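Enquirer: Starting off with a structure, shown below.
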Amino acid sequence: KNQVEQSPQSLIILEGKNCTLQCNYTVSPFSNLRWYKQDTGRGPVSLTIMTFSENTKSNGRYTATLDADTKQSSLHITASQLSDSASYICVVNTGGFKTIFGAGTRLFVKA
Amino acid sequence: NAGVTQTPKFRVLKTGQSMTLLCAQDMNHEYMYWYRQDPGMGLRLIHYSVGEGTTAKGEVPDGYNVSRLKKQNFLLGLESAAPSQTSVYFCAGRVDRTDTQYFGPGTRLTVL
């Protein structure tokens with residue numbers, strides 16, 4: 001069964017600290033993996049996209065990694081800011097019309 | 001550009017009432033999608049469209065209907081609302097299958 005599992009479910013960190021969010025998937029076939037950021041009351045916004053051959057991709061303070069062998073991805077946030085408080089959603093595309101969404105990790109950044 | 005917009009933003013219905021949610025985009029999206037988002041679950045696909053005049057069922061289509069008469073609009077209808085349809089509904093669009101999906105701001109629907 002195609003699944004995307006994210007951990008932790010929620011996370012609280014202090015402003016300025018780093019954190020890493022995890023995504024494990026059992027999706028086949030695999031086309032690409034995206035991380036989205038969803039602010040409260042808004043729609044998700046794409047942060048990064050990685051294909052099978054890419055190991056790492058950065059977008060400012062966000063760095064995503066992909067291990068296609070173990071079917072794991074992570075999103076690392078450096079020097080967190082209050083505006084990073086949001087849900088982060090891992091999304092895997094199969095290349096057809098199937099897009100599998102994880103349930104998300106809710107990140108709270110405290111001053 | 002307005003991007004992807006949704007109307008209305010909030011709605012409360014009684015069981016058995018009907019309503020239509022409107023999604024509009026000015027980004028030349030060929031593909032459009034309707035999702036629902038429930039607490040603790042990932043976004044689930046209700047229906048989608050691969051072009052003007054076409055629609056197809058997604059993962060959870062029961063109780064919903066859609067229409068795409070114009071490329072820029074994708075309508076989601078609830079003929080007889082049920083409490084189980086209480087959710088936040090998101091519309092999304094993209095130019096082609098390799099493009100990222102651009103989401104609207106969502107519609108929060110409560111069915112009493």
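The values are calculated or read from the model by the stated rules, or taken from the named source; none is laboratory data. Treat the numbers as computed from the prediction; the structure is a model and nothing was measured. Note that each Cβ is placed from the backbone with ideal geometry, even for glycine, and that neighbours are counted across all protein chains shown. Side chains are part of the model used for accessible areas, which takes the heavy atoms of the whole protein and leaves out ligands, DNA and RNA. Shrake-Rupley method; radii C 1.70, N 1.55, O 1.52, S 1.80 Å.
Enquirer: Can you find, among A:65, B:67, A:45, the residue farthest towards the positive end of the dipole of the protein assembly as shown? Put +1 on the C-beta of Lys and Arg, -1 on that of Asp and Glu.
Expert: The listed residue farthest towards the positive side: B:67.
Enquirer: Any chance you could list P(r) for chain B, counting all Cα-Cα pairs in 5 angstrom bins from zero, rounded to whole %?
Expert: Pairs per bin, as whole percents: 2, 13, 24, 27, 19, 10, 4, 1.
Enquirer: Note down the nm distance, to one decimal, between modelled labels 7 Å out along Cα→Cβ at residue B:65 and at residue B:110.
Expert: For the pair residue B:65/residue B:110, the computed spacing is 2.8 nm.
Enquirer: What is the magnitude of the charge dipole of chain A about its Cα centre, with +1 placed on the Cβ of each Lys and Arg, -1 on the Cβ of each Asp and Glu, and no other charges, expressed in debye to the nearest 20? The partial results should precede the final answer.
Expert: Numbers: 11 positive and 7 negative charges, 42 e Å.
Value, rounded to 20: 200 debye.
Enquirer: Mind checking which lysines have their Cα closer than 23 Å to the Cα of residue B:70? Skip sequence neighbours fewer than 8 apart in that chain.
Expert: B:9, B:57
Enquirer: Could you tell me the ratio Rg/Rh of the protein assembly as shown? Both radii from Cα atoms, Rh via Kirkwood. Write down the numbers at each step before the final one.
Expert: On the way: Rg = 17.6 Å, Rh = 18.0 Å.
Computed over Cα atoms, the ratio is 0.97.
Enquirer: Which of the cysteines found in the protein assembly as shown have nothing to pair with, since no other Cys Cβ lies under 4.7 Å from theirs?
Expert: A:19
Enquirer: Additional query: Across the residues of A:100-108, average count of Cβ atoms on other protein chains within 10 Å? All intermediate terms of the calculation are to be shown ahead of the outcome.
Expert: On the way: counts 5, 7, 3, 7, 5, 0, 0, 0, 0.
Averaged over the peptide's residues, the number is 3.
Enquirer: Separate question: What lysines could a cross-link reach from residue A:110, if we take a straight Cα to Cα line under 26 Å and drop same-chain neighbours fewer than 8 places away?
Expert: Here the lysines satisfying the reach criterion relative to residue A:110 are A:17, A:37.
Enquirer: Check each residue of segment B:5-46 and keep those whose accessible area, probe 1.4 Å, is at least 50 Å² smaller with all protein chains in place than in the chain alone; give them in order of residue number.
Expert: Residues meeting the cut-off: B:43.
Enquirer: Excluding ligands, DNA and RNA, what is the accessible area buried between chains A and B, summed over both sides, using a 1.4 Å probe, to the nearest 100 Å²?
Expert: Interface area, both chains combined: 1400 Å², rounded to the nearest 100.
Enquirer: Right, something else. How much of the accessible area of the protein assembly as shown, in percent, comes from carbon and sulfur atoms when a 1.4 Å probe is used? Present the calculation step by step, with values, prior to reporting the outcome.
Expert: Details: 5500 of 10830 Å².
Exposed carbon and sulfur together represent 51 percent of the surface.
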